[in-house]
Amino acid sequence: MIRMYDLIEKKKHGGELSREEIHDMVAGFVAGDIPDYQMSAMLMAIYFQGMNAEETTYLTMEMAHSGDTADLSGIAGIKVDKHSTGGVGDKTSLVIGPIAASLGVKIAKMSGRGLGHTGGTLDKLESIPGLTTSIDKERFFEIVNETGIAIIGQTGNMVPADKKLYALRDVTATVDSVPLIASSIMSKKLAAGSDAIVLDVKTGSGAFMKTLDDSIALAKEMVSIGTGAGRKCCALITDMDVPLGHAVGNAMEVTEAVQTLRGEGPADLTEVCLQLASNMLYMAEKGTIAECRSMAEKAMKDGSAVKVLAEMVKAQGGDPEYIYDTSRFAAAKVAGEVKAPADGCITHIDTEGCGIAAAMLGAGRAKKEDMIDYSAGIYLRKKYGETVRKGDVLAVLYTSDEKKLAAASEKFLASYTISDGPAEEKKLVYARVTADGVERF
Ligand code: URA
């Protein structure tokens, strides 16, 4: 049996952990034989010293096999998964999943809840009355076979190593580390069993990776792990320096996703979704990227994609009428406008701060056991690059609890920088990373 002390000492000095050492460490931690304080020290050592590609791959494999893995052979056709590294206003899964499923791709997706300042697909979906994301395996397969898509929470004992490690990283300031994020995400994706994986690696002030170089390094690491494990894998590096779309908050984001599925969504969200959906279709061998984009555009225009979302909602116990008529979502009891304090141009948004403001309104959790207020959130009226006059409404904040409004408004306003401008030109998609290399746009 390893001495965890020796491994911490080794990594502290930049040493390389062997496969056996990583195996024993992960197994010992999951079994409860390695205490949190020793694993915390190891996480901090990894944060500062990093891990090489081999160590990261070993860590991912050990985590992926730390519990049950899904066998999707009961679902016919090519199964494509998608994962975002997390952002603010990121409702892309609710758009691209139904688009790809409407074109014959099978999406058997396990999603997560909000983490810190970022939102989570499960919380968004659960804002639809009746919908459940806890579904047993047989019914999950049935729904994917019938409607092409189901989105559920991680079932049973899948990737227990990530559950324990993530909880520890969250409270030890060790989330934003390339090997730790890559192994956390890829262990779940490999255990979830799809044939191909499209990764949406966010970059900017609202992402865990704040710089383009770090985001590309993370994407390369994840693509190399996925490809090495025999899966088709690619990543798009997409902007998270600005919230995506206008809506931040669960029910509001479902509404905006539905508008986007109908081809009536905000331009930035629509473009990012079209590029991600094209890559999912391409991975499923539906055509060239350009052909796949045209197919995705058509599925939005002709209503077939939104129909698939409604079918999925119904199959998961939700009321599909909320998809056909999103005005059914209960309006928040309290609404407050945040106004521009001066004339100028919006030259920066601290997107993490904006996500925290939404969470303060009730759209996210401060503690694991907190209840979500599904109607809470922020509707951004003015975004990056726009010129405003003093007194213009920058955003409307919604909550069920009036006491939360003042502090959230202050946090939100502090996330906007209004200056002389002009704002720098920004891209929505910076690069595509595949096993063959990095294509910058
Ligand atoms: N999402 C994950 O699942 N894990 C991380 O480490 C970061 C984002």
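Descriptive notes on the structure:
- Of the solvent-accessible surface of the chain, computed with a 1.4 Å probe over protein heavy atoms with every protein chain present, carbon and sulfur atoms account for 51 percent.
- Residues THR147, THR351, ordered by accessible area of protein heavy atoms at a 1.4 angstrom probe radius and largest first, appear as THR147, THR351.
- Secondary structure note: in the chain, about 55% of the DSSP beta bridges are antiparallel.
- If you model region 1-101 as an ellipsoid using its alpha carbon gyration tensor, with each semi-axis the square root of five times an eigenvalue, the axes come out at 34, 18, 13 Å, biggest first.
- Here region 4-50 was treated as a single set of alpha-carbon atoms; its pair distances binned every 5 Å from 0 give 5, 25, 34, 26, 9, 1 percent.
- Accessible surface for ARG389 stands near 150 Å², nearest 10, in the context of the full protein assembly shown (1.4 Å probe).
- Under 22 Å from LYS333, Cα to Cα: lysines that are on another chain or at least 8 residues apart: LYS124, LYS403, LYS404, LYS411
- Gyration tensor (alpha-carbon) shape descriptor, region 202-281, a/c threshold 1.5: oblate
- Reported to the nearest whole Å, the Cα centre-to-centre distance from region 5-69 to region 166-227 is 17.
- Stokes-Einstein translational diffusion, region 58-208 - Kirkwood Rh over all Cα pairs, 1.002 mPa s, 20 °C, in µm²/s: 135
- For MET61, the solvent-accessible surface computed with a 1.4 Å probe is close to 40 Å², ligands and nucleic acids excluded.
- The residues of region 331-419 expose, per residue, 50 Å² of accessible area to a 1.4 Å probe.
- Annotation: aspartates and glutamates with alpha-carbon distance below 18 angstrom to LYS232 (same-chain offsets under eight excluded): ASP71, ASP81, ASP195, ASP200, GLU221, GLU285, ASP436, GLU439.
- Cα gyration tensor category, rounded, prolate or oblate, for region 331-419 with a/c compared to 1.5: prolate
- Mean separation of Cα contacts under 8 Å, 6 or more apart, over the residue count of region 4-50: relative contact order %: 53
- Put simply, the convex hull of the Cα atoms in the chain casts, on average, a shadow of 20.3 nm².
- Per residue, the accessible area of region 4-50 comes to 52 Å², computed with a 1.4 Å probe over protein heavy atoms only.
- Over region 57-108, accessible surface divided per residue gives 25 Å², non-protein components excluded, 1.4 Å probe.
- Tensor-based shape of region 143-223 (alpha-carbon gyration tensor, a/c under 1.5 rounded, otherwise prolate or oblate): oblate
- Based on Cα contacts under 8 Å between residues 6+ apart, the chain shows a relative contact order of 18 percent.
- Among the GluC sites (Glu not before Pro) found in region 192-296, those both in a DSSP coil and sparsely packed, with 16 or fewer other Cβ atoms within 10 Å of their Cβ, are GLU264, GLU285.
- Summary value for region 163-306: 20 percent relative contact order, contacts being C-alpha pairs under 8 angstrom separated by 6+ residues.
- Modelled FRET efficiency - R0 60 Å, ASP436 with ARG381, Cβ distances, 0.05 increments: 0.90
The values are calculated or read from the model by the stated rules, or taken from the named source; none is laboratory data. This is a predicted model, so every value here is computed, not measured. Using ideal geometry, Cβ is built from the backbone for each residue, glycine included, and neighbour counts are taken over all protein chains shown. Just so you know, the surface numbers come from the protein's heavy atoms only, side chains and all, with ligands and any DNA or RNA stripped out. Shrake-Rupley method; radii C 1.70, N 1.55, O 1.52, S 1.80 Å.
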